[in-house]
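Undergrad: Encoded as structure tokens, here's the structure I'll be asking about.
The values are calculated or read from the model by the stated rules, or taken from the named source; none is laboratory data. Here the structure is a predicted model, which means the values were calculated and not measured. Please note: Cβ atoms are built from the backbone with ideal geometry, for glycine as well, and neighbour counts cover all protein chains shown. Areas reflect the complete protein model, heavy atoms only, side chains present, ligands, DNA and RNA absent. Shrake-Rupley method; radii C 1.70, N 1.55, O 1.52, S 1.80 Å.
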Amino acid sequence: MKKNETISNLQIRNLLITTVIGVGILALPNQMVTILDNDGWIPIILGGLLVIPFAVMLDRVYKLYPDKNIYQIGREVYGKLIFNIFMIIILMYFVIQDAYVARIFAEVVKAYLLETTPTEIIIITILLVSAYLARCEIQVLGRVATLVYIILITLVGFLVLISLPDADPTNMLPVFNADFKKLPSAITGALFSYAGYEVVFIAYSSSDDKNNILKYIIRGLLVVIGIYLIVFVITLSLFGIDQIKRELWPTIAIANEVDLPGYFLENLEGIVLALWVVVVYSTLGPLLFAASRIFLNIFTTKSHDFIVLLLIPIIYVISILPVNVVEVYEKLGKVLNYFIAVSIIGIPAILFIGALVKKRRSKA
Amino acid sequence: MKKLLVLLLISSLMLTSGCWDSREIEQRLFVTAIAVDINEEVQEGNVNRLIVTYKYPNINTIGKNSDGGHINFTLSVPASGISQASTAFMGEAPFPFYFKHLKVIIFSKELLEHEELVRHILDELNRSPQINKRARIAVTEGKARDVLKVTAGQEYRTEGGIYQVLRSNKFTNRFTVKSLTDLITDFDVAGVTIVPRISIVSGKFVVSGGCILKNYKFLAWVDQNHNRAINIMNGIIGLENIDTIYNGTLLSYAVTRGYSRKKVTFDDGITVRFDIKLQGYLQGYNISQKNQVYDEKTLEDIENNIEEELEKKILETRKFLDEIGAPLFGVGEHMSKFHPKVWKQVKDNWQEMMPEVKFQLNIDVNIRRTGLTK
């Protein structure tokens, strides 16, 4: 019985990878190239590496309070009221992030696959499917993540394969020629592509081997950096910077660039999107799960599964607020960026410092 | 009670179609080629400045139950844009159009005189998630719609003869294959590009030579010899014949493969060294007892002869391109990638500088095989 309640570190790593990689991967090459031209790969690496210290901090917090979960630690360090405010901020973050992902998902699917299906239908469908996953326990999420991880690797491999014949690697040149004053803003941009890694800290207390978990988390982040880099390199060598600056979602546009022999096998976006839908599903599910778990701990309800259904309408309403895709990125994205900054950097740092101070004091 | 509910839910599945708006494959018209012309009869203030022509296969003639009618249909309509035409066609076409199998886009020369129209069309094509971005581009001197009408009866396969010809430079070097993405990228990088020329000769289409476009506008036609030189300089080397006069008689050399590399130095002005290496075989010379090629010295001599001939042609082409102001040898792109600092200084008046750039041609022709006879 005990064994069934835990998940392995490998599953946690996969959960991290599949949660972080979602809709961000589609627009990332465009965002990086727009700011830093050919050197967009630098912020992708630096942004990813920047997340690692905060992951280490959260790991230290857990090590300071073994056998406790994040809510218990938080309450002990900051008291119930203050920590609940933190939690509400994080809850809002997860909800908005969910809405954002669902909306971009709908925009992409509508543009490429289901031209006449209303956006609302696409959003509701993906949210309901994700809710089914989110209502399960953490072990199920871990298993789904492991499954989706294979699909994700297939997707990236497929993209590399179809872009090889027409790729021109010299498009990567010149390197180190951009305006490096823009590097900080590029790094912040890239950092947001790593949002979602916080989900592992909700899974942390279910790990079966807590001593080695940090190693797996860092490995997971490195895999994410690797996948982002691969996607950046293939899009850039296929399109060149001017065309990437124009493309809204260069990663999917790769599928439009393929010459296949024969006549009726032309719609490769179908294959790419089919794989990508699963990847988005494994982003939405864990986010929804995390949101409902936090909700459960703030209001101390018994189980989290009915909360998921409660959150769905809220997420749906937020996701249909922006009028068009520009507003999704410019308005909803902007709001979300503040929450991401707080959630990726702020909360881990505050929790770490608080926990450290508290421990020192209690020793003295 | 629970079982009843499940049963009810399952049986309700039978009533749902499974698709939001299902559409059968035969209820779609797959556009394979589009021709864009200028609308000459347009009135002042009318936005329908184009005549757009679609070509689509008759699906009923495919397969065993073919009814033997027309293989392809063409439809023309005055329109403001390429997709806008499809709504204008709805009066005559039975089903909606579908663009994912678009293979060929043909522009008329007249259209390319209007920069703003070209920019609009390219943006529309690039923006649409429907359009296959690898569709091949070609330009014709006359009416683009005539090319599609000519080919409609000529083709026996739905893929389309024009597409098969325009597909790759693997078997010929007489034109430069250009896809929609290539075209847009070329305009981004160099502002100048070359597109295959398609013309109608005695009721059939012929692709040969190219059309140089500059800043989204027509600049000049080039014949197939110039086009071949441009291709070789850019490293686009497919199967190709080079004819030269050796010892007073015609000699043909067939190129099977090769490459071209650039190196730019800045010691004394800008010097570009092109390393061009061609491999191939001797295809034909002169049958007689004394004109044998079977010794090293003669072969070397022939190689030198071909090299000289090629160099002459390339320099001719360069002079022509400098005169019309079309830097098509990819030197600018090379410099922007490998010498970004110098490129920053020169890119604004690159075109005026182009004639002063020194070319150092390092051509190496290899005869690897001489055929079955000595």
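Undergrad: Can you name the residue in the stretch B:222-246 that is open to solvent by 10 Å² or more (accessible area, probe 1.4 Å) and in contact with a strand residue (DSSP E or B) (Cβ under 6 Å, 6 or more places away or on another chain) and is also modelled with the highest pLDDT among such residues?
TA: B:Asp223
Undergrad: Name the single residue, out of those in the stretch B:188-213 being within 21 Å of B:Ile121 (Cβ to Cβ), in contact with a helix residue (DSSP H, G or I) (Cβ under 8 Å, 6 or more places away or on another chain) and not in a strand (DSSP E or B), that is nearest to the other protein chains (Cβ to nearest Cβ).
TA: That would be B:Asp188.
Undergrad: Out of (1) within 21 Å of A:Glu107 (Cα to Cα); (2) polar (S, T, N, Q); (3) free of Cβ contacts under 8 Å to residues at least 60 places away in the same chain, the odd one out for A:Ser362 is which?
TA: Unmet for A:Ser362, out of (1) within 21 Å of A:Glu107 (Cα to Cα); (2) polar (S, T, N, Q); (3) free of Cβ contacts under 8 Å to residues at least 60 places away in the same chain: (1).
Undergrad: Which condition number in (1) open to solvent by 30 Å² or more (accessible area, probe 1.4 Å); (2) assigned to a loop (DSSP other than H, G, I, E, B); (3) out of contact with any helix residue (DSSP H, G or I) (no Cβ under 8 Å at 6 or more places or on another chain) is the one that B:Ala326 fails?
TA: The single condition B:Ala326 does not satisfy is (1).
Undergrad: Report the residue count in the stretch B:90-135 for those that are within 14 Å of chain A (Cβ to nearest Cβ), more than 20 Å from the chain's Cα centre (by Cα) and within 20 Å of B:Val77 (Cβ to Cβ).
TA: Within the stretch B:90-135, residues that are within 14 Å of chain A (Cβ to nearest Cβ), more than 20 Å from the chain's Cα centre (by Cα) and within 20 Å of B:Val77 (Cβ to Cβ) number 5.
Undergrad: Take the conditions within 14 Å of chain A (Cβ to nearest Cβ) and surrounded by fewer than 18 Cβ atoms within 10 Å (Cβ to Cβ) and apply them to B:Arg261. Does it pass? Spell out how you get there, then give the answer.
TA: Values: within 14 Å of chain A (Cβ to nearest Cβ): yes; surrounded by fewer than 18 Cβ atoms within 10 Å (Cβ to Cβ): yes.
Judged against the criteria, B:Arg261 is a match.
Undergrad: If I filter the stretch A:224-237 for residues that are surrounded by fewer than 22 Cβ atoms within 10 Å (Cβ to Cβ) and within 14 Å of chain B (Cβ to nearest Cβ), do I get at least one hit?
TA: Yes; the residues of the stretch A:224-237 include at least one that is surrounded by fewer than 22 Cβ atoms within 10 Å (Cβ to Cβ) and within 14 Å of chain B (Cβ to nearest Cβ).
Undergrad: Mind listing whichever residues of the stretch B:356-372 are open to solvent by 70 Å² or more (accessible area, probe 1.4 Å) and touching a residue at least 24 places away in the same chain (Cβ under 8 Å)? So that I can check it myself, show each step before the final result.
TA: Taking the stretch B:356-372 and keeping what is open to solvent by 70 Å² or more (accessible area, probe 1.4 Å), we get B:356, B:358, B:360, B:362, B:368-369, B:372.
If the condition is that a residue be open to solvent by 70 Å² or more (accessible area, probe 1.4 Å) and touching a residue at least 24 places away in the same chain (Cβ under 8 Å), then B:Glu356, B:Lys358, B:Gln360, B:Asn362, B:Arg368, B:Arg369 are the ones that fit.
Undergrad: Only one of A:Leu310, A:Leu336 is over 30 Å from A:Ile153 (Cα atoms), of a type outside the set (Ser, Thr, Tyr) and modelled with pLDDT of 85 or more; which?
TA: Criteria check complete, one pass: A:Leu310.
Undergrad: Now for a different question. Only one of these conditions is not met by A:Val175: (1) aliphatic (A, V, I, L, M); (2) surrounded by fewer than 17 Cβ atoms within 10 Å (Cβ to Cβ); (3) away from chain B (no Cβ under 14 Å). Which number is it?
TA: (3)
Undergrad: Would you confirm whether or not the stretch B:275-287 contains a residue that is open to solvent by 90 Å² or more (accessible area, probe 1.4 Å) and charged (D, E, K, R)?
TA: no
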